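Structure record follows, encoded as structure tokens.
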């Protein structure tokens, strides 16, 4: 798929999917750690890994945000007005939630 087909630069698409994969990994590790691991030492090690993944999510989100600020949005495809405005309103809130979750999650672990 070339860049003209999707509209967004390849770098932003790769950052997007890398972020999604890392968030899912953190979610899976967190759920496994809480539900299945009862040994305190093992849980501590998993918690440290979970925190490291959280820092990676924060870094990826910061890089995505900086890259997005420097990149103009592609022209929207012809759709209805509600579908065209939804992404422009939801994207900043999702990035704020990702960054806020990592910052407050990290502060909670201190």
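The values are calculated or read from the model by the stated rules, or taken from the named source; none is laboratory data. Keep in mind that what you see is a predicted model, and the values were worked out from it rather than measured. Glycine also receives a Cβ, built like all others from the backbone with ideal geometry; neighbour counts cover every protein chain displayed.
Things to note:
- Residue list for region 5-32, filter: without any contact (Cβ under 8 Å) to a residue 24 or more places away in the chain, closer than 23 Å to residue 46 by Cα and either surrounded by 14 or more Cβ atoms within 10 Å (Cβ to Cβ) or touching a helix residue (DSSP H, G or I) at 6+ places or on another chain (Cβ under 8 Å) (or both): 30, 32
- Among the residues of region 39-46, none qualifies, meaning not one is under 30 Å from residue 11 (Cβ atoms), over 21 Å from the mean Cα position of the chain (by Cα), exposed (fewer than 10 other Cβ atoms within 10 Å of the Cβ) and at pLDDT 70 or above.
- Check on residue 49, out of contact with any strand residue (DSSP E or B) (no Cβ under 9 Å at 6 or more places or on another chain), more than 15 Å from residue 16 (Cα to Cα) and modelled with pLDDT under 70: no
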